[in-house]
Amino acid sequence: MSLKLGVNIDHIATLRQARQEAFPDPVDAAAVCLSTGADYIVVHLRKDARHINEKDVARLCKNFPGKIHLECSCAPQMEKVALKYKPYSVCIVPEKPGEVTTTGGLKFTPAVCKQLAKMIEHLHKKHILVSLFVSPDAADIRTAAKLGADIVELCTRDYAEATTAAKARKLLQDLALSTLLANELGLEVHAGHGLDYHNVLAVADLGGIACMNIGFSIITRSLFAGLPTAVTEMKDLL
Ligand code: PXP
């Protein structure tokens, strides 16, 4: 099984919103990602639409040739957007007011499970694959399977932020065991959050993971990898 890459382009839109311009356009970024090897284009629609907005989701889902993976919370307005534009897949993530980024996997309380079951059913009716963002925890993975998810995305944030090699090893072990269990339960496994050019290989080497969803490290790396060309082109014009 070859490991797929989902590139999260949210922060192209963050830059656009900083000046409230029409550029840089996430759809242009999606085209570059697709032509350079991305298997999925990932966008996270947040309640405050602080980077990706509904129009971006519409443009990507309607006109873009690649597979769009939409991340959103389990909220009626998000479900409405997903059902309207029908991305290839939806990853349901928790969203806390004021958070800078997603802080962890879903907390499966009875009330949350009830809401998730409904949203999953509605998405499936429109043939949209459903992923649940979960902590690498056996009980949570079993709950995701019971709820009828197609995919679990294992949260790699704790691993990425581990402060010692021993902690990282233990968290990798949790990811490995969670992947085994999820695969056994028939779930496709994705992994994401905080993955970068230094920590991704150890996760990839665990095996059994179908896709890595990576955003911040790729978009920030692109600034430095692309800045020399941008400066040279402007200097040449002058
Ligand atoms: N996967 C999920 C579910 C996320 O919420 C995010 C952040 O939006 C990512 C992956 C990408 O994380 P990062 O930007 O740290 O690579």
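Among the residues of region 159-198, just one is hydroxyl-bearing (S, T, Y), within 15 Å of the ligand (Cβ to nearest atom) and not in a helix (DSSP H, G or I), namely Y197.
Kindly check whether there is at least one residue in region 101-118 that is β-branched (V, I, T), outside any loop (DSSP other than H, G, I, E, B) and either free of Cβ contacts under 8 Å to residues at least 40 places away in the same chain or in contact with a Leu (Cβ under 6 Å, 6 or more places away or on another chain) (or both).
Our first condition is that a residue be β-branched (V, I, T); within region 101-118, this holds for 101-103, 109, 112.
Among the residues that remain, those that are also outside any loop (DSSP other than H, G, I, E, B) are: 112.
Now restrict to residues that are either free of Cβ contacts under 8 Å to residues at least 40 places away in the same chain or in contact with a Leu (Cβ under 6 Å, 6 or more places away or on another chain) (or both): 112.
Yes; the residues of region 101-118 include at least one that is β-branched (V, I, T), outside any loop (DSSP other than H, G, I, E, B) and either free of Cβ contacts under 8 Å to residues at least 40 places away in the same chain or in contact with a Leu (Cβ under 6 Å, 6 or more places away or on another chain) (or both).
Among what's in region 83-94 and is buried (at least 20 other Cβ atoms within 10 Å of the Cβ) and part of a loop (DSSP other than H, G, I, E, B), pick the residue that is nearest to the ligand (Cβ to nearest atom). Looking at the filtered set, the residue picked out is V93.
Put simply, of E188, E184 the only residue that is of a type in the set (D, E) and over 25 Å from H44 (Cα atoms) is E184.
Looking at I128 and the list (1) away from the ligand (no atom under 15 Å from the Cβ); (2) touching a strand residue (DSSP E or B) at 6+ places or on another chain (Cβ under 8 Å); (3) free of Cβ contacts under 8 Å to residues at least 40 places away in the same chain, which single condition is not satisfied? The one condition I128 does not meet is (3). Scanning region 26-56 for residues that are in contact (Cβ under 8 Å) with a residue 12 or more places away in the chain, more than 14 Å from the ligand (Cβ to nearest atom) and β-branched (V, I, T) yields a total of 1.
How about region 131-158: which of its residues are in a helix (DSSP H, G or I), open to solvent by 10 Å² or more (accessible area, probe 1.4 Å) and within 16 Å of the ligand (Cβ to nearest atom)?
Residues satisfying the conditions are D140, R157, D158.
For region 204-211, does any single residue satisfy the condition of being assigned to a helix (DSSP H, G or I), within 15 Å of the ligand (Cβ to nearest atom) and surrounded by fewer than 22 Cβ atoms within 10 Å (Cβ to Cβ)? Yes - at least one qualifying residue is present in region 204-211. So for region 36-53 (the condition being open to solvent by 30 Å² or more (accessible area, probe 1.4 Å) and assigned to a helix (DSSP H, G or I)), does at least one residue qualify? No: zero hits. Would you please list the contacts, defined by Cβ atoms under 9 Å and residues six or more apart or on different chains, that run from a residue in region 206-218 that is within 8 Å of L195 (Cβ to Cβ) and in contact (Cβ under 8 Å) with a residue 60 or more places away in the chain to a residue that is assigned to a helix (DSSP H, G or I) and near the ligand (Cβ under 6 Å from one of its atoms)? So the pair list comes out empty.
The values are calculated or read from the model by the stated rules, or taken from the named source; none is laboratory data. These figures come from a predicted structure and were not determined experimentally. Counting neighbours? That spans all protein chains shown, and the Cβs are built from the backbone with ideal geometry, glycine included. The accessibility values were calculated without ligands, DNA or RNA, using every heavy atom of the protein model including side chains. Shrake-Rupley method; radii C 1.70, N 1.55, O 1.52, S 1.80 Å.
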